[in-house]
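Data first, discussion second: the structure below is written as structure tokens.
Read-outs: derived from the displayed coordinates by stated rules, not from any lab. The structure presented is a predicted model; accordingly, all values stated were derived computationally and were not measured. Note: ideal-geometry Cβ built from the backbone for every residue, glycine included; neighbour counts use all protein chains shown.
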Amino acid sequence: MAGFDLDFSEIKDMNVTDGKYEAVINSVAEDATKGGTQFINLDLIIRNDLKGQKFGNAHIFTRIFKSKETSKYPIGMIMAVAKAAGMKDKSHFDSLEDYFQKLWHRPVLVTVKNEESEYSGKKYENLNVKRWEISKFPEVQHKFKESSKETGSTDPFANGGQSIDIPDDSLPF
């Protein structure tokens, strides 16, 4: 086996800086904090199909929390994401899951800012989405890494793995 040499000049800074980025919605799902507060979790990927855009393939994670007063998601944020994703006004969705599926892999233009927050005495650095806009490049040519959603498989080992047969007599139990 051939060796390799370290070359730290090859390190790519993936700490996304403040600014505007053309991104694609990689996934959308409902989730909850350890304390039970529900939120919509959006995973955006900075597009790799646009020349001159830094941080291609970096992920931007953002959440839309349910209101503590109403226990509902802020409708303005739901509409802002849909509009930025290029959905048509007055579109109908059968469920929140239907809405999530229709957002999948749609392009958006987001403005992000690195901000410090504090929770329970601890300080955190967060990359927050401050503005959602319609993409200036609606034709997505982004190259995604192969995932179970794209292959239609729910098996996390299905991507390129080969099955092996292990005879019962070779097992220690």
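Before moving on, here are some points about what is shown:
- Cβ-based exposure ranking for HIS142, HIS105, in which fewest neighbours within 10 Å come first: HIS105, HIS142
- Taking a Cβ cut-off of under 15 Å around GLN38, the surrounding Lys, Arg, Asp and Glu residues balance to a net charge of +1, with basic ones at +1 and acidic ones at -1.
- DSSP-assigned coil residues among GluC sites (Glu not before Pro) in the range 1-69, each with at most 13 further Cβ atoms within 10 Å: GLU69
- Amide H contacts for ASN57 (H built 1.01 Å from N in the peptide plane; partners 5 or more residues away or on another chain; cut-off under 5 Å): ILE46, ARG47, ASN48.
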